[in-house]
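These notes concern the structure reproduced below.
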Amino acid sequence: MEPFRIAVSDEVLHDLADRLARRRPQSPPVTGGGESAATVAEIDRLVAYWADGFDWRAQERRLNDLPQFRATVDGVGLHFVHVRGTGPDPTPLLLTNGWPSSFIEYATVIPLLAAAGFSVVAPALVGYGFSDRGLDRRLTRVEIAALFDKLMTEQLGYARYVAHGDDIGGGIVNRLGIHHPGTVAAVQSANWIIPPLPADADEAEHAYVAADAEWHRSLGGYSHVQATRPHLLAEALNDSPLGLAAWILEKWLTWSDPATRGRLSDDDLLANVTLYWITQTIGSSVRLYALASPPTPTDVITVPASVLVPHEPDLPMPPDALLHRGYADLRRISHVPAGGHFLAAEAPETFVAEIEAAFADFR
């Protein structure tokens, strides 16, 4: 394990600036397409700022204020932030993000959580940011959960810890709860498990499953492409900063809660996009969509669990009865009144409060 600092070469940044300066004008929205004209216009505005005004070096300095490291776990290099908490006995906390996000989503909340008595470890998923791409191995959510568990226990020396995950990171935290109950004291996931419906499922459960299927049919085209044509998609996005920005920003602009979207600054949004560009990890990040590893009927999350339900536009809200089927020891279900898919960036104070509430009994 060794300290790590972000230091992007001038050559990489000059190449990005040159590509942005030579970008073609954005196409108008397709009539009858799923995108809104307002979202397309906002992406165009952000890309214009990316080309003329955005300062990556300032973001680099801000991010380097967070203590960062690289460690090799089972032959895989993992990048992570590690901030020790205040107080005599801080609680080890694993934070893990999803797609199309990065550890930057947690940059604001990590110091707040440390001040609240958590020793925070925020690793980049395999294939994301400054972690190894891992393209030579089949690293599913199950295998990444095992790597993160070894990072926490063998590398950092935490015998027991709690874990929170968002999006794909929530899926990894679910796998920690299934496969690593000896080291994981409790989990909170914003990406809940939906088990197959049994014969006694009620009307609300059936309605949710139908609504979830409709969400994937009408809004999940990105997921289908990333699961079935990840390489071809990456060929385009890795070569075009405009294409990469449009693909990523559309999700941040439509999955965030309109009530808290204003907390996402232009610099925050573009720092996340720039991270994908400078590391060339769009292809390796979407690979997890192609490496499905759904829990089997015998996989049970036995550790104490909480489910965090964000206020995300268009996302169906799961009934409590269905959530209890997926978690054997579900202690808490929290429906956030404001703050969407990227809760830590949209509503930092709410996110910290939810972490404190979820793990209050395990400190």
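Bear in mind that the values in this text are calculations on the coordinates, not laboratory data. This one's a predicted model, so the numbers in the text were calculated from it and none came from an experiment. Quick reminder, even Gly has a Cβ in these numbers, built from the backbone with ideal geometry, and neighbours come from all protein chains shown.
Assorted remarks:
- Relative contact order of region 206-363, pairs being alpha-carbon contacts under 8 Å that are 6 or more residues apart, as %: 29 percent
- Mean-position separation - Cα centroids, region 4-73 and region 342-363, in angstrom: 28 Å
- Taking 0.36 nm per residue of separation and subtracting the current Cα-Cα distance, fully stretching the chain between ARG57 and VAL12 would add 15.0 nm.
- Gyration tensor over the Cα atoms of region 276-332: the corresponding equivalent ellipsoid has semi-axes (square roots of 5 times the eigenvalues, largest first) of 29, 17, 11 Å.
- Arranged from fewest to most other beta-carbon atoms within 10 Å of their beta carbon, LEU269, LEU253 become LEU253, LEU269.
- Kirkwood Rh in Å, taken over region 289-363 so that all alpha-carbon pairs contribute: 14.0 Å
- Compared with the direct C-alpha span, the chain from GLU356 to LEU197 gains 54.1 nm at full extension, assuming 0.36 nm per residue.
- Only one residue of LEU63, LEU139, SER334 has its Cα farthest out toward the positive end of the dipole of the chain, where Lys and Arg carry +1 and Asp and Glu -1 on Cβ, and that residue is LEU139.
- Mean residue ellipticity (222 nm) of the chain, computed from DSSP H runs ≥ 4 via -39,500 (n - 2.57), nearest 500: -13000 deg cm²/dmol
- Region 102-172 versus region 241-315: alpha-carbon centroid distance in Å: 15 Å
- Computed lengthening from SER265 to HIS231, 0.36 nm per intervening residue step minus Cα-Cα distance: 9.2 nm
- Dipole magnitude (debye, nearest 20) for region 101-234, charges at Cβ of Lys, Arg, Asp, Glu: 580 debye
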